[in-house]
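Notes to accompany the following structure.
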Amino acid sequence: MFGLFKGKKKEPKSPADEAPVDDTAATAPDAVAEQDEQPRLEAGLEKTRSRMGAGLRALFGGRALDDELLEQIEEELLLADTGIDATQSILDTLRREAKRAKTASEVRDILRRTLIDMLVPRESEPPEPPPGQPWVMLVVGVNGSGKTTTIGKLAQRLQAAGHSVALAAGDTFRAAAVEQLQQWGERVGVPVIAQKTGSDSAAVIHDALAHARSRGIEIVLADTAGRLHTQSNLMEELRKVRRVIARFDETAPHETLLVLDGGSGQNALVQARQFGAAVDVTGLAITKLDGTAKGGIAFAIVQETGLPIRFIGVGEKPEDLRPFEPEAFVDALLGQDTGAAVGSGSRG
């Protein structure tokens with residue numbers, strides 16, 4: 001289902017489409033676009049790359065992988081909020097695997113593949129809705145994490161890809177949240193289902209689902225009130241929202257996306273734990289990575305929760321909310337030369 005967020009909607013094939021095509025020619029423009037996007041991703045992760053960089057670049061420069069260098073790498077990974085467990089796992093792999101490496105290039109390759117493997121999603125893709133029902137994403141997180149902005153940017157991405165979208169203004173406690181979502185709706189050209197401040201959040205989202213079903217809208221993105229993970233009454237409200245959605249469609253929500261502020265470091269890991277315990281979080285969006293040197297938190301969160309990162313935010317523009325690709329993320333952290341140095345053979 002998340003192919004929706006990566007490209008244009010596929011139209012039904014005509015008989016002429018069944019003829020053999022030149023796959024190389026068809027994918028070449030996408031490959032060029034991917035190359036163009038990598039420098040932007042690198043720029044968005046510059047602060048984290050600088051924090052993690054010195055020890056890793058020393059490794060790439062051919063310095064022997066000795067105890068002193070491992071300690072330097074460990075320190076810089078921890079300073080980038082990679083977390084104790086994830087950092088230890090990286091170092092253990094380096095110690096074990098680097099013994100068989102004969103060149104600095106091979107050591108680089110081992111590190112790169114280790115980091116990528118840590119970020120590869122371990123969860124299944126979100127389910128498809130039954131025929132005639134909208135696909136539903138419930139978006140949760142604490143105040144200030146960027147939930148509403150993330151929803152607006154996702155709506156713009158989906159609309160541009162040819163999908164019909166409706167937004168549910170389920171954050172009924174903060175009037176500005178409803179207004180912000182309505183502004184995104186006007187900007188993108190999608191309907192926003194809202195009620196007055198203080199209305200029941202579950203009722204608003206139910207209305208949005210009914211609206212989408214009656215009009216054949218494909219996707220509903222549902223905002224919720226920002227809350228601290230320690231606020232048990234508000235976490236219980238989230239459980240109620242999920243129950244109401246499930247009564248509408250027992251397969252929904254098809255994705256519960258937890259939005260985390262990358263700049264909050266280890267607090268983001270705590271939030272991932274607490275929200276995961278309260279509701280069935282199925283995917284993550286890590287925002288504001290361009291403003292922090294703590295982007296290593298992505299490794300810590302995936303290492304502990306096993307949840308897939310769906311999106312990362314590396315800037316203010318709508319296109320700076322990007323579908324998460326572990327290889328591109330790691331190459332941006334390590335530097336463009338790293339991906340080129342290890343060669344395309346390591347991308348499989």
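The values are calculated or read from the model by the stated rules, or taken from the named source; none is laboratory data. None of these values were measured; they are calculated from a predicted model. Positions of Cβ are generated from backbone atoms using ideal geometry, with glycine treated the same way; all protein chains shown enter the neighbour counts.
Identify all residues within the range 150-203 that are assigned to a loop (DSSP other than H, G, I, E, B) and under 16 Å from MET137 (Cβ atoms); write none if there are none. Before you say what the answer is, go through the steps one by one.
Going through the range 150-203, the residues assigned to a loop (DSSP other than H, G, I, E, B) turn out to be 161-164, 169-174, 189-191, 194-200.
Once the filter is applied, which keeps residues that are assigned to a loop (DSSP other than H, G, I, E, B) and under 16 Å from MET137 (Cβ atoms), the range 150-203 yields ALA161, HIS163, SER164, ALA169, GLY170, ASP171, VAL190, PRO191.
When ARG242 is tested against the conditions (1) assigned to a helix (DSSP H, G or I); (2) over 16 Å from THR282 (Cα atoms), the lone failure is (2).
Determine whether the range 209-230 contains at least one residue that is at pLDDT 95 or above, more than 26 Å from the chain's Cα centre (by Cα), among the hydrophobic types (A, V, I, L, M, F, W, C) and assigned by TED's automatic domain parsing to the domain that holds THR251. Before you say what the answer is, go through the steps one by one.
Initial filter on the range 209-230 (at pLDDT 95 or above): 209-223.
When the remaining residues are screened for being more than 26 Å from the chain's Cα centre (by Cα), the result is 210-211, 213-216.
If we keep only those that are among the hydrophobic types (A, V, I, L, M, F, W, C) too, we end up with 210.
In the following step, the residues that additionally are assigned by TED's automatic domain parsing to the domain that holds THR251 were identified as 210.
Yes.
Only one of these is farther than 21 Å from GLY152 by Cβ and in contact with an Asp or Glu (Cβ under 7 Å, 6 or more places away or on another chain): LEU307, LEU334. Name it.
Answer to the selection: LEU307.
Checked against (1) over 23 Å from LEU284 (Cα atoms); (2) touching a strand residue (DSSP E or B) at 6+ places or on another chain (Cβ under 7 Å), ARG213 meets all criteria but (2).
Taking the criterion of being closer than 26 Å to LEU209 by Cβ and buried (at least 19 other Cβ atoms within 10 Å of the Cβ), the residues of the range 249-275 that qualify are ALA252, PRO253, HIS254, GLU255, THR256, LEU257, LEU258, VAL259, LEU260, PHE275. Within the range 133-145, being more than 13 Å from VAL190 (Cβ to Cβ) and crowded, with 21+ Cβ neighbours inside 10 Å holds for TRP135, VAL136, MET137, LEU138, VAL139, VAL140, GLY141, VAL142, SER145. Please enumerate the residues belonging to the range 147-170 that are farther than 15 Å from GLY185 by Cα and in contact with a helix residue (DSSP H, G or I) (Cβ under 9 Å, 6 or more places away or on another chain). Matches in the range 147-170: ALA161 only. Restricting the first member to the range 240-259 and to residues that are assigned by TED's automatic domain parsing to the domain that holds THR305, and the second to residues that are in a loop (DSSP other than H, G, I, E, B) and of a type in the set (S, T, N, Q), the beta-carbon pairs closer than 6 Å and six or more apart or on different chains are ASP249/GLN133; GLU255/THR282; THR256/THR282; VAL259/SER145. Of all the numbered requirements in (1) modelled with pLDDT of 95 or more; (2) closer than 30 Å to ASP92 by Cα; (3) not β-branched (Val, Ile, Thr), PRO134 misses one, and that requirement is (2).
Looking at PRO253, PRO318, which one is under 30 Å from PRO131 (Cβ atoms) and either of a type outside the set (Val, Ile, Thr) or in contact with a Cys (Cβ under 9 Å, 6 or more places away or on another chain) (or both)?
Numbers: PRO318 fails: under 30 Å from PRO131 (Cβ atoms).
Residue meeting the stated conditions: PRO253.
Listed here are the residues, each with its yes/no results for (1) in the same structural domain as ALA161 (by TED's automatic domain parsing); (2) among the small types (Gly, Ala, Ser); (3) modelled with pLDDT of 55 or more; (4) in a helix (DSSP H, G or I).
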residue	(1), (2), (3), (4)
GLY7	no, yes, no, no
LEU59	no, no, yes, yes
GLN72	no, no, yes, yes
ASP81	no, no, yes, no
SER89	no, yes, yes, yes
THR93	no, no, yes, yes
ARG108	no, no, yes, yes
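Within the bounds of the range 222-229, is there any residue that is basic (Lys, Arg), in a loop (DSSP other than H, G, I, E, B) and over 19 Å from PRO326 (Cα atoms)? Scanning the range 222-229 turns up at least one residue that is basic (Lys, Arg), in a loop (DSSP other than H, G, I, E, B) and over 19 Å from PRO326 (Cα atoms).
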